[in-house]
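One structure is given here, and the rest of the page talks about it.
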Amino acid sequence: MSTGSEANHRIRLALVGAGVIGTIHGAVISDLADRMDLVAVVDTHRDRAERLVAEHGGKAFTSLTDALEAVEIDVVSVCTPTGRHGEVAIEALQAGKHVIIEKPAETTVEKTDEIIAAQRRAGTQVAVISQHRFDPATEVAVAAIGNGELGRLTSGIASIDWWRGQTYYDSGNWRGTWELDGGGALMNQGVHTVDLLVATMGRPVEVFAYTGTLAHERIEVEDVAVGVVRFENGALGVLHATTAAYPGLSARLQVHGDRGSVVIDNDKLTFIHRTPRDSSAEERAYGNPGTAINQIADYPDASGVAAQTAGSTPGQLAIDAHRRQYENFLAALTGREALRVVLETNRQAIAIITGVYESARTGRPVSLQ
Ligand SMILES: NC(=O)c1ccc[n+]([C@@H]2O[C@H](COP(=O)([O-])OP(=O)(O)OC[C@H]3O[C@@H](n4cnc5c(N)ncnc54)[C@H](O)[C@@H]3O)[C@@H](O)[C@H]2O)c1
């Protein structure tokens with residue numbers, strides 16, 4: 001088992017899965033070259049592993065077993081198709097490694113629980129990537145809720161209005177399958193926004209939903225999901241996730257309380273209102289929908305104004321978001337911070353999503369464990 005010695009040496013990381021997101025992880029690891037080294041890249045397609053090795057260092061392998069035998073490794077990052085996360089993560093945990101797992105942790109709650117059990121046996125750290133929890137906009141929303149500035153939470157909406165063409169689903173034979181993707185628009189694309197709904201609204205206890213496959217062929221899973229959620233605190237939520245909304249609009253989160261509201265659109269804070277202490281009796285009775293009450297000017301980082309001014313590209317913003325979560329992981333290894341997204345956190349988003357699928361199949365509300 002790995003020990004606290006991480007405090008004293010550079011972190012040696014093995015990346016498993018050198019596809020779309022593995023490439024982003026490679027760039028993040030290079031960005032963190034002052035503290036970590038990429039020592040192995042594993043992909044069943046050797047050429048993909050070799051490409052990342054050429055760019056970011058390490059040795060190429062076609063199996064994690066071979067990599068674990070050949071090189072010293074502290075952390076394994078799992079970037080394989082979702083339905084292959086569990087087997088890779090559990091092998092790494094059985095070898096006593098720390099693990100970073102791409103979202104969603106697995107395709108079902110039961111498979112996520114198997115990783116949780118392996119982690120408890122290993123006693124190492126496991127983070128699930130949910131990089132938007134680290135966005136400045138999310139941090140502002142979570143802090144405002146935690147400070148009671150929105151009052152009692154009453155409702156939340158997670159809406160992902162995206163487009164993915166047939167070529168996207170045809171680009172990998174795991175995409176759009178129950179076994180390896182675990183679901184469609186809600187599981188693959190929507191899980192981030194569902195996770196933010198959990199981060200802001202709290203523990204979900206029941207869902208009811210409909211799903212459809214309306215604009216794509218040769219996929220087993222949904223390209224439209226709509227549903228409703230009840231949270232432990234009594235608040236109600238709406239889910240809408242689609243990859244069939246041409247040309248693709250945004251991922252949006254709305255959180256409402258009896259003293260304020262927050263809207264995050266495409267990772268940026270677009271609206272926040274916290275009731276001022278000196279609000280008029282009329283405002284307290286009827287609210288104030290005028291634009292003047294939008295307080296985003298107080299948050300240049302969260303509203304994206306600061307990044308725009310700095311000229312950041314979308315590619316760099318994606319790398320920055322993952323890097324913030326890696327920074328938290330490195331800080332957790334040395335005991336300076338607690339991990340902010342653990343398996344149990346991501347399990348709640350997976351429970352909502354698989355609850356949606358069960359409800360759509362059975363026509364009944366589903367209680368969440
Ligand atoms: N955080 C995000 O924003 C984000 C974005 C995209 C994808 N993802 C997640 O990342 C994961 C991978 O998605 P992707 O789009 O990069 O897929 P991808 O198909 O582009 O890449 C997956 C890679 O894993 C390799 N692979 C498959 N099984 C393997 C195994 N057992 N051992 C080693 N390599 C193996 C494949 O050859 C492929 O190169 C999914 O879980 C997805 O949900 C997260």
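Here are a few things to note about the model shown:
- The three principal axes of the Cα atoms in region 213-266 give end-to-end lengths of 46, 24, 10 Å, sorted in falling order.
- Histogrammed with a bin width of 10 Å, the alpha carbon distances of the chain distribute as 5, 23, 32, 26, 12, 3, 0, 0 percent, first bin at zero.
- In a reduced charge model with +1 at each Lys and Arg Cβ and -1 at each Asp and Glu Cβ, region 4-128 shows a dipole moment near 80 debye about its Cα centre.
- The distance between label points at residue 171 and residue 313 comes to 1.7 nm (points 7 Å beyond Cα on the Cα→Cβ vector).
- From its DSSP helices (H runs of at least four residues, each -39,500 (n - 2.57)), the chain gives a residue-normalised ellipticity at 222 nm of -11000 deg cm²/dmol.
- The lysine pair count for the chain, using Cα distances under 26 Å and pairs eight or more places apart or on different chains, is 5.
- Relative to the current alpha-carbon distance between residue 218 and residue 286, full extension at 0.36 nm per residue lengthens the span by 19.5 nm.
- Region 4-128: projected area of the alpha-carbon convex hull, averaged over directions, in nm²: 6.9
- Size of electric dipole in region 253-369: Cβ of Lys, Arg +1 and of Asp, Glu -1, about Cα centre, debye, nearest 20: 360
Every number in this text was worked out from the coordinates using simple rules, so none of it is lab data. Since the structure is predicted, the reported quantities are computational estimates derived from the model, not experimental observations. Here the Cβ is made from the backbone with ideal geometry for all residues, glycine too, and neighbour counts use every protein chain on show.
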